[in-house]
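The values are calculated or read from the model by the stated rules, or taken from the named source; none is laboratory data. This structure is a prediction, so every number in the text was calculated from the model and none was measured. Here the Cβ is made from the backbone with ideal geometry for all residues, glycine too, and neighbour counts use every protein chain on show. With ligands, DNA and RNA removed, areas are computed over all heavy atoms of the protein, side chains included. Shrake-Rupley method; radii C 1.70, N 1.55, O 1.52, S 1.80 Å.
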Amino acid sequence: MEWAPPPPPPPKPLSAGWLDFFGRFEAPLEEAREEFLPEGADAPVGGKCSLLRARPQDGEEEVFFVKRSLPFSSQLLGSQQRLLERECRFYEELAEVIALPDPDCLEADEVPADGRRELGVEGFYEVAFREVPVRTSASSSAMILCLLRRGDAVRGSAFTTRKGEQWIRLHVDSREELGLEKDRDVYVPVHGGRVGLGDLLRHRRGRPGPGREDWRHHTPSAASGAMPSTASTREATATASVGRTARCERRWRGLVLRRLAGAFRVPSCPASYWHGDWQAFTLVTERLSAPEWVRADTGAGCSEGQAAAVVEALGRFHRNFLGHGKIDGSTWLPVLPLHDERRNFLQDQYRYSFESVKGYLQSALSALAYETCEKLCDGYAEVAGRLSQPPLTLLHGSLNLAHLRFSPAESSPVVAATDWRLVCRGRGAYDFASFLASCGPPEVRRDMESWLMMNYLAAFGLAGGKQAKEEFEDDVRAALLANLAFTIAFFAGALEARPDSTSGTAHCSLLWVSEACDDWDAIRLLGGSDGGHEEEAQTRSTKAKKGARRKASPKGGKASRRKSVAPSKSPGRGGASAKSAASRSKSPAKASGKAAASSSKKDASSKSPGPKAKKAAKVEEPKSKAEGGAHKSSAKGKEPSSSKSGKDKSEKGPRPASKSPARKAK
């Protein structure tokens, strides 16, 4: 494959000719018309949107969203420009990977006999550096066979070595084009970070078709000089048709399996454009609108069924991309949404944003939340470093209710995620914390957060017991702090321009995230509170945990924590508790009768002492006399030794007399 120049910028409005030539529609377009978006329509965020009505030949009209860039308004101007490229590359390279079935969904007959599975997704890679070597093994010290020039394109499968280096294994077709042995594997490095370079190869959109070897046994040999017969041509055509049908059936089966498994749904993207000019950025995506898809109210929050579906789909999504595998070769994916490699720069950027809206934060947030924001001025780098430690997985980066769509089903709805501008790598707790802080108002979140975390951990497959759960909770605290810092930096311009607005999206998002940080006692990761707010933080976290324990999971069969603890009590405590519960459940008449009977018994006991009272009198009488004798002896002071015997006799004398009343009582 040779280098091809980039397509011309898309026209405004889009035309059928440009979409048909540079787009990826399933059939040629007969007509395409771009319209303004109706007022109040549900549209993607983060850009200027319009509607595209495209009608293919001999087909029905389809409606898509067209997204273009807007003037930037936040402090992170350079970062927002990179977000456009990241979203475009996601739809070109990773959207199809997400649509593939999970490895656990494959049956035994689909796994190779030797048990090996391809680590990465096969595709075409374009050389982005001046010269890239082709080596005999995946090592920088291996022998060089040849060199690839800038603009060359090769076909191969990406993988990651044990040292963390990313390579691709060239396909047999690419080895044949380079004049190498077809039976010997050769490797090309993807990234040059070990030697101080950047991306060496860049992944191209689309999946390759069948190789040359797959077709050669269906066509006659060119060396024989024989012309293909009609029978052989028909046989080759039939075989190719069967192969295409099998691939379509396999892909359809994978989509069905992922839908049944509750995985994320990603909108399709038939056309996109990004070549460095942010003003020409264009993205055409599938329209997910009513009545097939609904959107939760961002002010009131989502329902319990929708929240459960989101965290379960999120856990499976993170588990599918955990470790090395499908995202190997996508070196453009940063760690965390704003590039953890530049954490010191982001630390300074957050400090500048905090100083610009310091007065607003002090009046809008609680004292504990404001102190947390102050400590982030020096502690953001530490928080980001915790979230960038392996194991890493693929993150959405901005998983809130505004970027989610649901099917109309009340129980176990299908979840679709839009707006992948902040797609990145990192700890799965980052996405979970982003959704947790935006799933509803603080009082709604407190009731759901306990069982939401348990459902996520079950879908993610986290093992390790109590220690692993505590580590995940610390990751959630770090993720809440990172979300708080990102919210302040992202909305600093809007908050500085309108500091008195209390009904906007920026104000609501900031309040919800700060409340979540207070409830989870996230300030403990920054060294704790210095302003005497430790008791407030502990009280808020305790109340949040108690409120979460009272709420049971929306799915049947899961009891609350209090109910599960009751049967484990000891028999004595259990009997006492049962007795007290029975006494509380009696009617008022029986209770009044019981009170009257107890009062009559008290009167009778006061008139005639019972055996217990007599026994108590018997014990107390000798004690009082003994104490009185001791008091008299201490008052006399010291006496001569001759008087000791008399003293002993005087002490021993009254003892028999003190016993006589007790004997008479018996």
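So here's what we get for this one:
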{"read-out": "The one condition in (1) within 30 Å of Ile168 (Cβ to Cβ); (2) in contact with a Cys (Cβ under 7 Å, 6 or more places away or on another chain) that Arg351 fails to fulfil", "value": "(1)"}
{"read-out": "Residue that is farthest from the chain's Cα centre (by Cα), among those in region 267-288 that are of a type in the set (A, V, I, L, M) and outside any helix (DSSP H, G or I)", "value": "Ala271"}
{"read-out": "Count of region 157-183 residues which are under 35 Å from the mean Cα position of the chain (by Cα) and on the phi > 0 side of the Ramachandran plot", "value": "1"}
{"read-out": "Hits in region 496-512 (condition: more than 17 Å from Gly46 (Cβ to Cβ) and modelled with pLDDT of 80 or more)", "value": "His507, Cys508, Leu510, Leu511, Trp512"}
{"read-out": "Single residue of Leu70, Leu77, Leu84, Leu94 found to be within 22 Å of Phe490 (Cβ to Cβ), modelled with pLDDT under 90 and crowded, with 17+ Cβ neighbours inside 10 Å", "value": "Leu84"}
{"read-out": "Unmet requirement for Gly305, which otherwise passes all of (1) at pLDDT below 90; (2) surrounded by fewer than 19 Cβ atoms within 10 Å (Cβ to Cβ); (3) outside any loop (DSSP other than H, G, I, E, B)", "value": "(1)"}
{"read-out": "Residue within region 50-62 that is closer than 18 Å to Ala280 by Cβ and open to solvent by 40 Å² or more (accessible area, probe 1.4 Å) present", "value": "no"}
{"read-out": "Identity of the residue in region 269-288, surrounded by fewer than 17 Cβ atoms within 10 Å (Cβ to Cβ) and not charged (D, E, K, R), that ends up modelled with the lowest pLDDT", "value": "Gly276"}
{"read-out": "Listing of helices (runs of 4 or more DSSP H) fully contained in region 358-454 that carry 1 or more residues being at pLDDT 90 or above, more than 15 Å from Leu484 (Cβ to Cβ) and open to solvent by less than 20 Å² (accessible area, probe 1.4 Å)", "value": "367-387, 429-438"}
{"read-out": "Strands (runs of 3 or more DSSP E) wholly inside region 121-179 containing at least 3 residues that are at pLDDT 85 or above and crowded, with 17+ Cβ neighbours inside 10 Å", "value": "122-127, 131-135, 153-160, 166-170"}
